[in-house]
Amino acid sequence: MRSSTCCTTRRQPCGAEALREIVGRLHDEDWKVRRAAVETLGSAGVRLDAEALREIAGRLRDAEWRVRDAAVQTLRALSARLDAAVLREIIRLLQDRYTHVRSGAVEVLRSLGPRLDNAAVRKISNQTLASGTRMKR
């Protein structure tokens, strides 16, 4: 990811131009580049604008499970800023074929705490985590 990553590796704020470049990499044909872009944006944290959050959320439907997993982990760190549309996408991931992605979705929902009824989250996740991974009560 060339020099645009300097904004996160050197703990300097990312400028708008650097963020746009990284967001553009979310659409690269190489899944490793897309995953790295998601992770880089996640390290930018609260400095992300609404467009960047939407782009990360769009990676929840990526064909590569590793990119979906990175997106869900990044969104977990930003859970206070998630809207209902993103939450619906995360709930959809409870049925993903990959355990890492399903478990990540459960963790995002758990991190929302009082914003969601934890009993309902437990019920939904226990029904959909076919791998046998269950939430602790």
Sole exception among (1) surrounded by fewer than 18 Cβ atoms within 10 Å (Cβ to Cβ); (2) under 22 Å from residue 15 (Cα atoms) for residue 30, by number: (2)
Every residue from region 90-137 that is open to solvent by less than 60 Å² (accessible area, probe 1.4 Å), of a type in the set (Gly, Ala, Ser) and at pLDDT below 90: 111, 113, 119, 120, 125, 131, 132
Condition met for residue 96 (of a type outside the set (Ser, Thr, Tyr) and closer than 21 Å to residue 21 by Cβ): no
Tabulated pairs, region 44-57, first more than 14 Å from residue 70 (Cβ to Cβ) and among the aliphatic types (A, V, I, L, M), second in a loop (DSSP other than H, G, I, E, B) and modelled with pLDDT of 85 or more, C-beta under 7 angstrom, 6+ apart or interchain: 53/78
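The values are calculated or read from the model by the stated rules, or taken from the named source; none is laboratory data. Note that the structure is a prediction, hence the values are computed from the model and not measured. We place every Cβ from the backbone using ideal geometry, glycine too, and count neighbours over all the protein chains shown. Protein only, heavy atoms only, side chains kept; ligands, DNA and RNA dropped before computing areas. Shrake-Rupley method; radii C 1.70, N 1.55, O 1.52, S 1.80 Å.
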